[in-house]
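Here's the structure, in structure tokens; my notes come after.
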Amino acid sequence: MKIVIVGAGEVGYHFAEWLAQEKKEVVVIDIAPEALMRVSDHLDVQILQGSGSNPKILEESSLKTADIILAVTDKDEVNLIACFFANVIAPDIQKVALIRNPDYIDYREALARDILNIGLVINPEMEVVNSVLRILSAPDVEEVNDFVGGRIKMLGKYLLPESPLNGLKLTRLPEKIERNRMIIAALLREEQLIIPKGKDTLRAGDFVYFVCQSQDIDRILRLFGKTATSMKNILVVGGGNIGFPLARELEARRFNVKLIEKDPRRCQEISGKLNRTLVLQGLATDQKFLEQENIGHMDMVVAVTWDEEMNILSCLLAKRMGAKKTIARVNKMPYIPLVQAVGIDHIVSPRLSAINSLFPYLRRGKVISTVTIRGKAAEVLEAEALARSAIVGKPLKDLSFPKEALILCIFRGDEVFIPSGETSIEPGDRVLILSTSAVIPLVEQALMAKR
């Protein structure tokens, strides 16, 4: 697979890094020599200096022989023009554009269908809003990912010493809960990712990834040593391109919402567009101001300003003053493990959200959605089983499938079930697969239709 990336900024760099590790052929275009120098110094990819909106530069990148173009500069207009010329130069190529302006997003369908034939429009800010809403659907877990339109969730949670699962062999898991209610997908133990087998034993302190149906979350969480926390009172810090649409979504879901914004003009602008949200002008790091607004009674504080340090500090202060849970928007990748270590409950990142949105387009076979876990350690793929793919028509125990990959569950019609070794996948089934990064190419090969 060959990919042309327009833009060598943070998003483009991370896409290039990820794809280069998978041995894909990558060409990165950028007008800034210093950005290209960073790419060439650290990554095994081709670079080309020039504007991605220049058709001559696109032709020079050998766009006609590429499979995908990713237009991910920080300027929406450059991304759109790059896709326009890509549509002229290589009409059959897959086109992905990063678009932040909500006015453009309203024309997403026209961009995809009528004008530029863009296969995927990524809005990182709206992806963050969706990430926050997923977290609020299961606030007592550390990670939440949706599949099959939200009916299936993969959750990540630390196992507490008082949990009845502590010390349990996985072969005995059905004694604690019906087997078709949950499957353990992976364990993180002492920073090592484990694809579990029946002989493995759960231990306190393990970070456990498990898959279940949405309606079973509360019952399963009780096995981890905690009951579900109800969420009602939410404080949003920042009224920008994330905070404002987030407040609008939260009030539509009948949460009690307060929003803090430091710019008085922005406060006036968004307060007229929100119905039930109380918009407050002030600083979320002002302790007296927070005390006046009863920060200690908040079930969740969500800090999503453009200032990462502000987000981190406001979450830490809110937690110290009694807020139950916190979510911070963090963009710099090196910050993420540090922020989690200091006690902030959840991290949301526009760049990681953009990466997760894109990866179905980079996978062979009919991949519907993907989620990465623990950085680049592993990936979960939701895919449709094609009639002539290698995974169809045989009992799972007879499949030539990598040991480092695990078929988690199968969605057939309206039925969701966890397979056994005797289960056979049928054409049209949706299959959830967890795979380590090393064997992703083998999983892709198994999903593709045989010629």
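Couple of notes before you dig in:
- Listed here are the strands (runs of 3 or more DSSP E) enclosed by the range 336-399 that have at least 1 residues being touching a Ser or Thr at 6+ places or on another chain (Cβ under 7 Å): 346-348, 378-384.
- Against the numbered list (1) under 26 Å from LYS157 (Cβ atoms); (2) part of a loop (DSSP other than H, G, I, E, B); (3) of a type in the set (Lys, Arg), LYS273 comes up short only at (1).
- Subset of the range 58-75 [under 11 Å from ILE89 (Cα atoms) and in contact with a helix residue (DSSP H, G or I) (Cβ under 7 Å, 6 or more places away or on another chain)]: LEU58, GLU59, LEU63, LYS64
- Candidates ARG108, ARG100, filtered to the one that is of a type in the set (Lys, Arg), assigned by TED's automatic domain parsing to the domain that holds GLY7 and touching an Asp or Glu at 6+ places or on another chain (Cβ under 7 Å): ARG100
Residue-wise test of (1) closer than 30 Å to ILE99 by Cα; (2) surrounded by fewer than 19 Cβ atoms within 10 Å (Cβ to Cβ).
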residue: VAL144; (1), (2): yes, no
residue: LEU170; (1), (2): no, yes
residue: ALA185; (1), (2): no, no
residue: ALA204; (1), (2): no, yes
residue: SER230; (1), (2): no, yes
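- Of the residues screened, ILE118 is not one that is of a type outside the set (Ser, Thr, Tyr), buried (at least 18 other Cβ atoms within 10 Å of the Cβ), at pLDDT 85 or above and outside the structural domain of GLU249 (by TED's automatic domain parsing).
- Count of residues meeting criterion [in contact (Cβ under 8 Å) with a residue 60 or more places away in the chain and not in a loop (DSSP other than H, G, I, E, B)] in the range 57-85: 8
- ASP41 passes every criterion in (1) buried (at least 19 other Cβ atoms within 10 Å of the Cβ); (2) under 16 Å from PHE15 (Cα atoms); (3) modelled with pLDDT under 95 apart from (1).
- The single residue among ARG253, ARG265 that is exposed (fewer than 14 other Cβ atoms within 10 Å of the Cβ), closer than 21 Å to ASP345 by Cβ and not hydrophobic (A, V, I, L, M, F, W, C) turns out to be ARG253.
- Considering GLY52, GLY7, GLY12, the condition of being crowded, with 18+ Cβ neighbours inside 10 Å, on the phi > 0 side of the Ramachandran plot and touching a residue at least 40 places away in the same chain (Cβ under 8 Å) is satisfied by GLY7 alone.
- Matching residues, the range 181-233, being modelled with pLDDT of 90 or more and of a type in the set (S, T, N, Q): THR201, ASN233
- Where GLU125 falls short, out of the listed (1) modelled with pLDDT of 85 or more; (2) surrounded by fewer than 20 Cβ atoms within 10 Å (Cβ to Cβ); (3) acidic (Asp, Glu): (2)
- Residue, farthest from ALA377 (Cα to Cα), within the range 26-37, restricted to residues that are surrounded by fewer than 17 Cβ atoms within 10 Å (Cβ to Cβ) and not hydrophobic (A, V, I, L, M, F, W, C): PRO33
- Within the range 15-44, the set of residues being in a helix (DSSP H, G or I) and in contact (Cβ under 8 Å) with a residue 24 or more places away in the chain comprises PHE15, ALA16, GLU17, TRP18, LEU19, ALA20, GLN21, ALA35, LEU36, ARG38, VAL39, HIS42.
- Test: SER400 is touching a Lys or Arg at 6+ places or on another chain (Cβ under 7 Å), of a type in the set (Gly, Ala, Ser) and assigned by TED's automatic domain parsing to the domain that holds THR372: no
- When we screen SER400, SER357, SER349 for residues that are farther than 30 Å from LEU316 by Cα and not β-branched (Val, Ile, Thr), the only hit is SER400.
- Members of the range 52-85 found to be under 29 Å from the mean Cα position of the chain (by Cα) and of a type in the set (Ser, Thr, Tyr), listed by number: SER53, THR73
- Qualifying residue in the range 302-312 (condition: over 28 Å from the mean Cα position of the chain (by Cα), surrounded by 15 or more Cβ atoms within 10 Å (Cβ to Cβ) and of a type outside the set (Gly, Ala, Ser)): no
- ASN87 vs. criteria buried (at least 21 other Cβ atoms within 10 Å of the Cβ) and out of contact with any Pro (no Cβ under 6 Å at 6 or more places or on another chain): no
- Among (1) touching a helix residue (DSSP H, G or I) at 6+ places or on another chain (Cβ under 6 Å); (2) surrounded by fewer than 20 Cβ atoms within 10 Å (Cβ to Cβ); (3) part of a strand (DSSP E or B), the one test that PRO402 misses: (3)
- The number of residues in the range 413-441 that are free of Cβ contacts under 8 Å to residues at least 24 places away in the same chain and farther than 20 Å from PHE210 by Cα comes to 2.
The values are calculated or read from the model by the stated rules, or taken from the named source; none is laboratory data. All values derive from a computational prediction rather than experimental measurement. All Cβ positions, even for glycine, are placed from backbone atoms using ideal geometry, and neighbour counts span all protein chains on display.
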